[in-house]
Ligand code: C5P
């Protein structure tokens with residue numbers, strides 16, 4: 001099978017991760033969770049104790065940390081300076097701080113370059129994030145933008161994290177706002193993206209539609 005890059009963007013709780021992993025497994029592609037990379041950098045920033053509002057200090061931590069991430073859709077690990085951080089990067093401290101770290105232009109430049117290198121090496125890969133179709137992989141073979149109502153997204157997230165739905169809804173709204181309004185590559189729908197609303201569509205249906213689109217496009 002030849003090269004194939006699928007970009008999946010959308011807000012938190014839109015079903016991106018589940019859809020992207022299933023699609024990747026189904027087409028025999030690698031899978032890259034770029035949110036996990038921003039989360040791992042955030043973990044390192046929190047560990048270092050630098051001020052989150054000090055962009056220069058945050059960028060320095062990002063440059064110095066040895067970040068590694070797997071690309072197996074059946075299960076990938078993330079390490080920072082050799083420490084496995086899979087659980088920590090999903091915790092409330094990282095979730096609370098990640099949008100601020102992801103808004104630092106130097107952090108984005110660093111991670112976008114790493115992501116582009118990984119995409120080039122993989123050849124066949126499904127990449128999920130916020131800026132994949134617009135910035136990281138503008139030449140992707142298929143660009144997907146997943147949405148869902150705020151209520152549906154909050155319900156999914158609190159089910160995943162086993163956290164309180166009201167707290168989750170507030171946190172989602174806050175993160176969406178920060179991610180959509182930041183200056184450097186905000187969450188955006190690429191003009192050539194296929195938009196799918198997953199509020200009513202089941203995950204299987206979404207994956208099937210994407211399969212069909214890929215087949216159509218050869
Ligand atoms: O997808 P996930 O919720 O794990 O992403 C965590 C955070 O990382 C997002 O809220 C956003 O601030 C940032 N992010 C980003 N660009 C990406 C992926 C994630 O800014 N491509």
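If the condition is being surrounded by fewer than 20 Cβ atoms within 10 Å (Cβ to Cβ), part of a helix (DSSP H, G or I) and in contact with a strand residue (DSSP E or B) (Cβ under 8 Å, 6 or more places away or on another chain), then segment 85-125 contributes 114, 118, 122.
For segment 159-168, check the following and say yes or no: at least one residue is part of a loop (DSSP other than H, G, I, E, B), touching a residue at least 40 places away in the same chain (Cβ under 8 Å), closer than 29 Å to residue 26 by Cα and under 18 Å from the mean Cα position of the chain (by Cα). Show your work before the answer.
Applying the first criterion (part of a loop (DSSP other than H, G, I, E, B)) to segment 159-168 yields 162-164.
Retained after the next criterion (residues that are touching a residue at least 40 places away in the same chain (Cβ under 8 Å)): 163.
Now drop any that are not closer than 29 Å to residue 26 by Cα, which leaves none.
The answer is no; no qualifying residue exists.
The residues of segment 34-55 that are in contact (Cβ under 8 Å) with a residue 40 or more places away in the chain and either farther than 15 Å from residue 106 by Cβ or more than 20 Å from the chain's Cα centre (by Cα) (or both), listed by number, are 34, 35, 36, 39, 40, 43, 46, 52, 53, 55. Here the condition is being over 20 Å from residue 6 (Cα atoms) and either more than 12 Å from the ligand (Cβ to nearest atom) or touching a residue at least 40 places away in the same chain (Cβ under 8 Å) (or both); of 179, 197, 192, 139, it holds for 179 alone.
Can you pull out the strands (runs of 3 or more DSSP E) entirely within segment 26-84 that have at least 3 residues that are loosely packed, with under 14 Cβ neighbours inside 10 Å? Can you show your working first?
Details: elements: 30-33, 67-69, 78-80.
Fully inside segment 26-84 and qualifying: nothing.
For residue 187, the requirement of being in contact (Cβ under 8 Å) with a residue 40 or more places away in the chain, in a loop (DSSP other than H, G, I, E, B) and surrounded by 18 or more Cβ atoms within 10 Å (Cβ to Cβ) is met. Taking the criterion of being closer than 15 Å to residue 153 by Cβ and at pLDDT 90 or above, the only residue of segment 202-218 that qualifies is 206.
The values are calculated or read from the model by the stated rules, or taken from the named source; none is laboratory data. Because the structure is a prediction, the values reported are computed rather than measured. Positions of Cβ are generated from backbone atoms using ideal geometry, with glycine treated the same way; all protein chains shown enter the neighbour counts.
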